[in-house]
Structures are given as C-alpha cells and as structure tokens.
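The values are calculated or read from the model by the stated rules, or taken from the named source; none is laboratory data. Here the structure is a predicted model, which is why all the values come from computation and not from measurement. All Cβ positions, even for glycine, are placed from backbone atoms using ideal geometry, and neighbour counts span all protein chains on display.
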Amino acid sequence: MKTSKYKKLLTHLILIAGIGITVLPFLWMLCTSFKTKGESMMIPPTILPERFVTEAYYSVMTALPFGRIYMNTVFSTVITVAGQVIICTLAAYSFARIKFPGRDILFLLVLSVLMVPGQIFLVPQYLIVQKLGLLDTLCALFLPNLFSAFGTFMMRQFFLSLPDELEEAAILDGCSRFQILINIMVPLVKSGIVALVIFTAKFAWNDFMWPLIVNTTTTKMTLAPALSTLQGQHTNDYPAQMAGAVLAVIPMVVLFFVFQKQFIEGVAHTGVKG
Amino acid sequence: MQGTTRKKIAKRQWKEWGEGYLFIAPLLLGIFIFYIFPFIQNFWFSFNEVNKFNVATFYGLNNYIEMCKDKELWSALGNTLLYVGITVPVGLMLSLFVAALLNTKIRGTSFYRTIYFLPSVTMSAAVAMVWKWIYNEQYGLLNAAMKAGGFSPHGWITDPRTALFMVMIVGIWGTVGYNMIILLAGMQGISRSYYEAASVDGASGICQFFKITVPMLSPTIFFVMITSVIGGFQVFDTIYMMIGKANTAYRSTQTLVMIFYRNAFDYGHKGYAAAISILIFSIIMLVTVIQMIGQKKWVNYD
C-alpha cells in the first residue's frame with residue numbers, strides 16, 4: 001500500500017513539472033507585457049515587473065489599428081462559424097438521410113478534398129479572390145473557409161447515428177425535409193453542432209497563412225498576421241509584442257475555459273471515430 | 001386508379017430528390033469553385049510559368065526539371081523530413097506518457113487535462129512570438145537560466161545548428177496536449193478486466209502498459225501518428241514568426257511549405273510554387289501509404 005502512495009506522489013510530481021513547462025511561456029508573456037521596455041531588457045531579467053505598467057498595451061493600440069483588427073477577426077470568425085454551421089448541416093443531413101441519384105459519388109468528391117494538403121488550392125484560390133476584386137476586403141477572409149469538407153463529414157457522422165424511424169412519421173404527415181431538419185433533427189445533433197462551432201471558431205481565429213496572403217492593408221487584417229506586422233515594427237519592444245500576444249490569445253482561452261468540456265470531448269471523439 | 005398513385009409516388013420521389021440536391025447545392029458550389037477547380041488549375045499551373053501579373057504561359061516540364069536542380073528545395077525537403085522525423089515520435093511518446101499518467105486513479109485529472117490542452121487552443125503565431133522572446137540571445141529567459149546555471153549563452157534561433165531544433169520544441173509543446181486527449185480517450189475505452197487479469201498474474205504496471213495498453217490502443221496511436229505526420233509536413237506559422245528572412249538560420253529552417261509560400265507570394269513564381277505544392281502532396285501521400293502498409297504489422301483491430 002505504501003508503494004502505491006509513493007507512486008501517486010511521483011505521478012503528481014511529474015504531471016506538475018509538465019504543467020510548469022506548459023504554462024511557463026504564458027506566464028512569461030503576461031509578466032513581460034506589464035513591464036516597461038527598459039525593464040524587459042535588464043540583465044539578469046526581473047521575474048515579476050517591478051512596477052506594473054500598461055504602457056505596452058497602450059503602444060500596441062497606437063502602433064496598429066488594433067481595435068479594427070480585433071473587430072475584423074471577430075467578424076471573420078463569426079461569419080465562418082455561422083456559414084459553416086448552416087452549409088455543412090444542410091449538406092450533411094442530405095448526404096446522411098436523403099436518397100437521391102449520385103449521392104455517394106458526390107460525397108466521395110467532397111471527402112477527397114480532405115485528403116489534399118491546403119497548399120494545393122492556395123494559388124488558384126488567391127487568384128479567384130483577386131479576380132472577384134476581393135483582395136484586401138473582409139470578404140476575402142472567410143470566403144473559401146465557408147465550405148468545409150471536414151465539417152460536413154463530421155456532421156454526417158452525427159446524422160448517421162440517429163435511428164431511421166425518426167423521420168418516417170413526419171414524412172407521412174407531409175412535412176417538408178426542411179421542417180424535419182429544423183424541428184426534429186437539429187435538436188438531436190446539438191452536440192455535433194457545438195463541436196463544429198468550437199473547431200471552426202478555433203480554426204478561424206488562429207488561422208495564419210490565408211489572411212496573411214489575401215489582406216495586406218493593416219485595417220483589413222486579422223490578429224494572427226497583424227502580430228507579424230507588430231513584430232516587424234517593434235523589433236525590440238518586447239513588452240509591446242507580448243501585450244499583442246496576450247490580447248490575441250485571450251478570447252480563445254476564455255472560450256476554452258467556459259466550454260472546456262465540449263472542447264475536450266470534441267477532440268476525444270475524433271480519435272475514437274478514426 | 002393505379003396511374004394516379006404511381007404519379008403521386010413519382011411526384012413525391014421528385015420532391016425528395018429535389019430537396020436532397022437543394023441541401024447539398026451551397027456546399028457543392030463552394031467546393032467546386034474553391035477546391036476542385038483550384039486543384040485542377042493548380043495541376044495545370046505546375047506546367048506553366050505564371051508571372052507577376054498572373055499570366056500563365058506553357059512551360060512543359062520545366063518547373064519539375066528546375067525542382068530537381070534546386071538545391072534550396074532539396075535542403076528544405078531535408079529540413080522538413082527532419083522536423084517530421086523528430087517531432088512525430090517524440091511528441092507521440094510524450095503524449096502517450098502523459099496520457100498513461102492521467103489514466104491512473106489520481107486526483108485532479110480534469111485539472112491536468114485542461115491545462116495540458118491549453119497550448120492547442122492558443123494562436124500559434126502568438127505562441128511563436130513568446131518562444132522567440134524566450135530564446136532571445138541577449139535578454140531571453142533561456143539564456144538567463146543558462147547563465148544562472150553557469151553555462152554560456154547561446155544564439156538558439158540564429159545558430160543554424162540549433163534553430164530547427166528550437167522550432168521543434170515549440171511544435172511538440174503545442175501538440176502534446178491535443179494528442180494526449182485523443183490517446184487518453186482511447187485508453188479509457190480499454191476494458192478494465194484485462195488489467196485485473198494481468199494484476200492477478202502479477203504483471204507490473206509497466207509490463208501492463210506495453211502488453212495491454214499499447215496493443216489495445218494501436219488504432220488510436222496509428223490515427224494520431226497519421227494526423228501528426230500530415231500536420232508536421234505543413235508546419236509554417238511558427239517558423240514564419242520565429243525565423244525572419246534576415247536570420248542567419250533561415251536556410252537551415254526553411255521547410256517545403258515555407259519555400260512554397262516564398263515562391264508563390266513573395267518571389268512571384270506561382271507556376272513553380274504550384275509544382276512544389278504537388279511535390280508536398282505526393283510526399284504526404286507516399287508517407288501515408290507507407291504507414292498504411294506498415295500498420296498491418298502492429299495495429300490490431302478487434
């Protein structure tokens with residue numbers, strides 16, 4: 001019995017060490033962001049700021065149109081999430097539960113997109129957005145991401161798991177498929193929709209390469225590429241860089257702590273399915 | 001009489017089909033415009049020279065011939081393979097280890113899970129900036145710790161010999177928690193009775209881990225491996241943020257996706273970039289197929 005007690009203690013010690021490595025960069029980011037530029041370059045460095053100053057946050061706000069960039073990111077994330085939920089749910093329902101000619105081939109076509117790395121599509125996607133005259137606009141940020149093969153595949157799995165009899169009575173009563181979807185099916189796949197919202201929000205908020213390519217004017221940027229601009233402008237202003245990083249990660253971290261159960265369950269599911 | 005019911009049925013069938021097509025129409029339209037058409041066009045572009053004004057002229061196999069001669073591309077391929085070859089096994093072992101620790105009867109597992117998961121929800125661009133600051137040669141936390149421990153400071157991400165490894169640490173740090181959650185869910189699906197039987201036979205915890213957990217978990221391990229390899233081949237954000245073009249370690253950390261990005265959107269060689277993207281696709285396919293074949297030897301599905 002005694003050995004198992006020691007074993008537990010050792011397990012905790014290892015896990016706590018791991019936690020240290022996991023959170024250290026976040027703590028260091030926070031500490032630095034409240035220092036003055038001078039203090040951040042002291043040798044040896046101070047751990048906690050000698051004097052808590054919000055100077056760095058102020059300089060981030062003035063260096064870039066940060067409020068605007070924040071709103072762009074919120075806007076692009078909300079549109080991407082809403083669009084994917086509507087488009088993927090509709091398509092997934094149809095692929096899972098309506099029989100029509102060519103269905104399986106069309107679904108396979110959608111799935112094949114999942115197997116191709118994103119770089120393959122990037123140059124033509126860029127040229128399409130350019131042709132549409134949408135470079136450097138908010139539309140460019142979400143356009144290709146509204147259509148998700150992954151989201152459709154995931155939602156289809158949820159629809160497939162429901163029993164067949166659900167719709168039969170409603171169909172005999174003359175309900176349209178749309179009414180069935182909204183009134184009967186959507187409440188039953190709520191956990192799938194929540195998972196889709198979380199995955200998409202995380203992806204859209206943190207996405208880097210696509211917004212970096214399409215929008216180069218600072219007032220049209222999202223946070224991730226804006227951090228790269230900030231880094232370029234304030235090469236030696238580490239508190240300002242860290243303040244920018246803090247502001248950029250906060251919304252997802254808050255969202256994560258509020259919905260941690262859904263986040264973790266959503267991820268845990270992906271492995272079980274595969 | 002029979003005719004009208006048949007008509008009715010046919011009408012209902014048409015309505016059903018119509019609704020089916022209508023529901024998939026928005027998705028299919030988007031997938032065609034933004035994915036399937038680009039896939040074909042990208043393939044075509046790889047046989048063309050696409051200049052700064054995006055005018056394509058036929059170039060035959062020249063992009064591919066150029067690729068064979070491009071030393072920078074070969075070194076980028078080497079860097080990418082090294083990145084994948086180290087981050088995937090090390091990350092996998094670490095996440096298996098943490099998952100195994102969390103799969104025991106100890107308190108606070110949900111707290112640990114939450115904290116370990118944190119890096120995978122945070123923006124990689126922001127996180128890369130923080131690590132870059134930690135690695136900073138003059139004022140960074142790492143060198144301060146080195147000095148305190150009596151070692152001499154080092155230019156971690158400016159020295160071509162160490163830079164890629166420092167980037168790998170960030171990559172591993174960012175994905176261990178995510179993979180751990182998937183593996184842990186798999187471990188919790190293994191029936192307790194196997195372990196009970198093994199305990200009766202006197203098998204130690206470590207022995208149980210290798211004889212029960214790993215084989216039973218092999219489909220999940222395989223899934224994590226496949227997705228990590230694909231993700232590893234496409235690493236971009238962290239390297240872009242940490243290693244600028246003026247960095248002395250730029251060449252030694254340049255990956256395939258980075259060289260693709262530079263050619264497509266920096267140097268204006270979109271045709272050549274298209275050919276590189278096809279190379280990336282082919283390598284990922286090849287490695288995935290090899291893994292699929294190799295899995296038969298160690299993955300068991302019962």
Checking A:Ile98 against (1) modelled with pLDDT of 95 or more; (2) closer than 30 Å to A:Leu166 by Cβ; (3) not basic (Lys, Arg), only one condition comes out false. Which one? (1)
Which numbered condition trips up A:Met221, out of (1) among the hydrophobic types (A, V, I, L, M, F, W, C); (2) within 17 Å of B:Met242 (Cα to Cα); (3) more than 11 Å from every other protein chain (Cβ to nearest Cβ)? (2)
Restricting attention to region A:129-148, report how many residues are facing chain B (nearest Cβ under 7 Å) and part of a helix (DSSP H, G or I). 2
Identify, please: which residue in region B:241-268 is buried (at least 20 other Cβ atoms within 10 Å of the Cβ) and without any contact (Cβ under 8 Å) to a residue 24 or more places away in the chain and is, among those, farthest from the other protein chains (Cβ to nearest Cβ)? B:Asn263
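Going by the conditions given, is A:Ala96 in contact with a Pro (Cβ under 8 Å, 6 or more places away or on another chain), in contact (Cβ under 8 Å) with a residue 24 or more places away in the chain and part of a helix (DSSP H, G or I)? Steps first, please.
On the way: in contact with a Pro (Cβ under 8 Å, 6 or more places away or on another chain): no; in contact (Cβ under 8 Å) with a residue 24 or more places away in the chain: yes; part of a helix (DSSP H, G or I): yes.
When the stated conditions are applied, A:Ala96 does not pass them.
Could you grab me the full set of residues in region A:191-224 that are within 12 Å of the chain's Cα centre (by Cα), among the aliphatic types (A, V, I, L, M) and closer than 21 Å to A:Leu134 by Cα?
Within region A:191-224, the subset within 12 Å of the chain's Cα centre (by Cα) is A:195-208, A:224.
Remaining after also requiring among the aliphatic types (A, V, I, L, M): A:195-198, A:201, A:204, A:224.
Those that are within 12 Å of the chain's Cα centre (by Cα), among the aliphatic types (A, V, I, L, M) and closer than 21 Å to A:Leu134 by Cα: A:Ala204, A:Ala224.
Determine if region B:269-281 includes at least one residue that is touching a strand residue (DSSP E or B) at 6+ places or on another chain (Cβ under 7 Å), buried (at least 20 other Cβ atoms within 10 Å of the Cβ) and over 30 Å from B:Gly155 (Cβ atoms). I'd like the intermediate steps shown before the answer.
Going through region B:269-281, the residues touching a strand residue (DSSP E or B) at 6+ places or on another chain (Cβ under 7 Å) turn out to be B:270-271.
Subsequent filtering for residues that are buried (at least 20 other Cβ atoms within 10 Å of the Cβ) retains B:270-271.
Narrowing the set further to residues that are over 30 Å from B:Gly155 (Cβ atoms) leaves B:270-271.
So far as region B:269-281 goes, yes, one or more of its residues are touching a strand residue (DSSP E or B) at 6+ places or on another chain (Cβ under 7 Å), buried (at least 20 other Cβ atoms within 10 Å of the Cβ) and over 30 Å from B:Gly155 (Cβ atoms).
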Against the conditions (1) more than 30 Å from the chain's Cα centre (by Cα); (2) on the phi < 0 side of the Ramachandran plot, where does A:Gly102 fall short? Just the number, please. (2)
Return the residues of region B:181-199 that are under 18 Å from B:Thr220 (Cα atoms) and among the polar types (S, T, N, Q); say none if nothing qualifies. B:Gln188, B:Ser191
Report every pair of residues separated by at least 6 positions or lying on different chains whose Cβ atoms are under 7 Å apart, first residue within region B:20-37 and within 10 Å of A:Phe147 (Cα to Cα) and at the interface with chain A (Cβ under 7 Å from one of its Cβ atoms), second of a type in the set (Ser, Thr, Tyr) and buried (at least 16 other Cβ atoms within 10 Å of the Cβ). B:Leu27/A:Thr152
Search region A:154-174 for residues being within 11 Å of another protein chain (Cβ to nearest Cβ) and without any contact (Cβ under 8 Å) to a residue 60 or more places away in the chain, and hand back the single one that is surrounded by the most Cβ atoms within 10 Å (Cβ to Cβ). A:Ile171
Between a residue in region A:114-140 that is in contact (Cβ under 8 Å) with a residue 24 or more places away in the chain and more than 20 Å from B:Ala274 (Cβ to Cβ) and any residue that is of a type in the set (Phe, Trp, Tyr) and in a helix (DSSP H, G or I), which pairs come within a Cβ distance under 7 Å, given they are 6 or more apart or on different chains? A:Leu114/A:Phe150; A:Leu114/A:Phe153; A:Leu138/A:Phe75
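Of the residues B:Ile172, B:Ile182, which is in contact (Cβ under 8 Å) with a residue 12 or more places away in the chain and more than 30 Å from A:Ala240 (Cα to Cα)?
Of B:Ile172, B:Ile182, the one residue that is in contact (Cβ under 8 Å) with a residue 12 or more places away in the chain and more than 30 Å from A:Ala240 (Cα to Cα) is B:Ile182.
Does any residue of region A:78-93 turn out to be part of a loop (DSSP other than H, G, I, E, B) and surrounded by 17 or more Cβ atoms within 10 Å (Cβ to Cβ)?
Restricting attention to region A:78-93, the residues satisfying the condition of being part of a loop (DSSP other than H, G, I, E, B) are none.
No: region A:78-93 contains no residue that is part of a loop (DSSP other than H, G, I, E, B) and surrounded by 17 or more Cβ atoms within 10 Å (Cβ to Cβ).
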Which of the residues belonging to region B:282-302 are surrounded by fewer than 10 Cβ atoms within 10 Å (Cβ to Cβ), part of a helix (DSSP H, G or I) and not charged (D, E, K, R)? B:Ile293
Within region B:231-240, the residues that are of a type outside the set (Phe, Trp, Tyr) and at the interface with chain A (Cβ under 7 Å from one of its Cβ atoms) are B:Gln234, B:Asp237
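Take residues that are farther than 30 Å from A:Gly38 by Cβ and touching a Pro at 6+ places or on another chain (Cβ under 8 Å) and tell me which of the helices (runs of 4 or more DSSP H) falling wholly in region B:114-223 contain 2 or more.
Result: B:163-188.
Assess whether B:Ile65 counts as being within 32 Å of the chain's Cα centre (by Cα), surrounded by fewer than 19 Cβ atoms within 10 Å (Cβ to Cβ) and within 18 Å of A:Ala91 (Cα to Cα).
no
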